[in-house]
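I have placed the structure first, in the form of structure tokens, so that the comments after it can refer back to it.
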Amino acid sequence: MYTNIVRCRACGFGTPENPGGIKSGQPTDKLIPVLDLGLHPLANNFVKEGEPRAGFAPLQLLFCPQCSLAQLSVVVDPVQIYEKYAYVTSPSATMREHFGSLVRDIKTESKNGSVVEIGSNDGLLLAFLADAGYGNVVGIDPAKNLAEKARKSGVVVINDFFNEGSARSALLASGEVDTVIARHVFCHVADWRGFVKGLEILASKDTVVCIEIPCVTDQLEACSFDQVYHEHLSYMPIKAMKALLNRTLFHLHRVIHYPVHGGAHLVMLRRNDCVMPPHPSVQETLESENVTLERWQAFAYEAKLRIVRLRDRVRSLRDMGKRVCGYGASAKSTVWINACGFTKEDIYGVYDGTMEKQYCTIPGTNIPVIHEGAFYADAADYAICFAWNYFAECKAKQHKWLETGGRWIVPVPEVRVIGLDTAESQA
Ligand code: DWN
């Protein structure tokens, strides 16, 4: 199901060819363990009763003292995770707003030519790009169910992982590529060299490659340990991206920060033979980034405290006879629920609007995913917002419930309780 990792996938630290301990003067030549959450199920392995489950794998993070990349200690077989994928790019207002800003910013760097999107999910961004006037729009995605869904909306999708073969097919389908976009997919990939080779096939001298990755300093700041799961193989500072690009045809061109998903960076790359000078944001980001071993160790310590805090809070509510549910069956909900050891006795269900997740159970548990439409009528006393990155939107949507005395528990960036009649209180 998984393979173990011993070397840094960005700079090569830890390999016999690059024994960083000797070359960099670090006191170790091994990646350093910083967080261990034990065995966890695959975060999006939503299945119905009686269907086979994927099993469990370790969730441990290793830190590279040479380039500051943190990565999981294992790589789970990607076919097992992505062939059928339950996460559908949210059609939420927050996401639409983000896509609007993203397309506006990308347009400042590109012509309205062909676009290839790597990891095109259900095709929502492709549709945005087509509306924004881009020529040929082509998606690449390994999930059969999502590629089919996207094709129904009229866009071209190559149903495959991104590799040299699918890059060639995308080039054939799109003609010369003006823009490549890869949203929240790069840090999901184990073989970065292979990924970059695919980019080399797609990109010409003037192509802009736009890679959206989680902002690791925001993750450290908020202690969003629930974003550590088997899909997220890497936690990447821009410094590590620079180290990776050192031996390639590409360099960092521009970095833009967005609040989406708790904080993200859009990293724009250009080929080394492109005449445009890099944007000052590259140097500014490199200089302001503060990703250290000590920060990761503090993150791990705080994560354990938060798990205990939420578990105690929910168990004491249960003992008082309160009905507690979850809201948003995000991948993050799987991490929280399994880390806390919750069962149906603690959280009677998790509400979600995604068809692919409804009537399944939260991976690793017997907790059902319930249709979001039933939330108000079911009248829980407390709802844990596991889609905390969309909290403002969830709160506005369920305002009536709040008015009848319902209370939110928001677990990130602090475990806090929010009701209409209460001042915000920390658990
Ligand atoms: O990288 C990844 C990120 C970007 O997206 C993935 N590997 C998987 C996914 O992570 P996630 O599942 O934590 O993403 P979300 O978008 O935070 O998930 C939110 C969940 O909440 C979705 O299942 C949709 C649901 N939701 C809902 O039911 N009603 C969300 C909103 C806003 C709502 O109103």
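A short reminder: the numbers here are calculations on the coordinates, not readings from a lab. This one's a predicted model, so the numbers in the text were calculated from it and none came from an experiment. We place every Cβ from the backbone using ideal geometry, glycine too, and count neighbours over all the protein chains shown.
Distances between placed amide hydrogens fall under 5 Å for Ile384 paired with Cys325, Gly326, Tyr327, Ile409, all partners being 5 or more residues away or on another chain.
Rounded to two decimals, the Cα radius of gyration of the stretch 28-159 over 2.2 N^0.38 Å is 1.32.
The alpha carbons of the chain stretch over 66, 55, 43 Å along the principal axes, in descending order. Compared with the rule-of-thumb size 2.2 N^0.38 Å for a compact globular protein, the stretch 330-378 has a Cα radius of gyration ratio of 1.06. Kindly work out what percent of the DSSP beta bridges joining two residues of the chain are antiparallel, to the nearest 5. Antiparallel: roughly 55 percent of the beta bridges in the chain.
Considering only alpha-carbon pairs that sit under 8 angstrom and 6 or more positions apart, the relative contact order computed for the chain is 14 percent.
Considering only Phe375, Leu42, Phe99, and ranking their Cα positions along the charge dipole of the chain that arises from unit charges at the beta-carbon of Lys, Arg, Asp and Glu, the one farthest toward the positive end is Leu42.
The trypsin sites (Lys or Arg not before Pro) found in the stretch 332-366 that occupy coil by DSSP, while having at most 13 further C-beta atoms within 10 Å, are Lys344.
Farthest towards the positive end of the charge dipole of the chain, among the residues Asn163, Ala57, Gly139, is the Cα of Ala57, using unit charges on the Cβ of Lys, Arg, Asp and Glu. Taking GluC sites (Glu not before Pro) across the stretch 302-411, the ones in a DSSP loop with at most 13 further Cβ atoms lying within 10 angstrom of their Cβ are Glu345.
Per-residue ellipticity at 222 nm, computed for the chain from helices alone with -39500 (n - 2.57) per DSSP H run of at least four residues, works out to -9500 deg cm²/dmol. At a temperature of 37 °C and a viscosity of 0.692 mPa s, determine how fast the stretch 77-127 diffuses translationally according to Stokes-Einstein, using the Kirkwood radius over alpha-carbon pairs as Rh; express D in µm²/s, rounded to the nearest whole number. The estimated diffusion coefficient comes to 256 µm²/s.
In the calculated pair-distance distribution of the stretch 294-427, the portion above 25 angstrom amounts to 20 percent of the Cα-Cα pairs.
Each Lys and Arg adds +1 at its Cβ and each Asp and Glu adds -1 at its Cβ; summed about the Cα centre, the stretch 255-323 shows a dipole of about 840 debye.
Qualifying GluC sites (Glu not before Pro) in the stretch 72-141, where qualification requires a DSSP coil assignment and no more than 14 other C-beta atoms within 10 Å, comprise Glu83.
Counting 0.36 nm for each residue step from Lys304 to Glu287 and taking away their Cα separation leaves a gain of 3.1 nm.
Each part gets one Cα centre, and for the stretch 203-245 versus the stretch 359-384 those centres are 31 Å apart. Projecting the Cα atoms of Phe299, Met241, Val177 onto the dipole axis of the chain, where Lys and Arg carry +1 and Asp and Glu carry -1 at the beta carbon, places Phe299 farthest toward the positive end.
About the centre of its Cα atoms, the stretch 1-152 shows a dipole size close to 140 debye [charges on the beta carbon of Lys, Arg (+1) and Asp, Glu (-1) only; nearest 20 debye]. Here the dipole of the chain is about 260 debye; that uses its Cα centre as origin and unit charges on the Cβ of Lys and Arg (positive) and Asp and Glu (negative).
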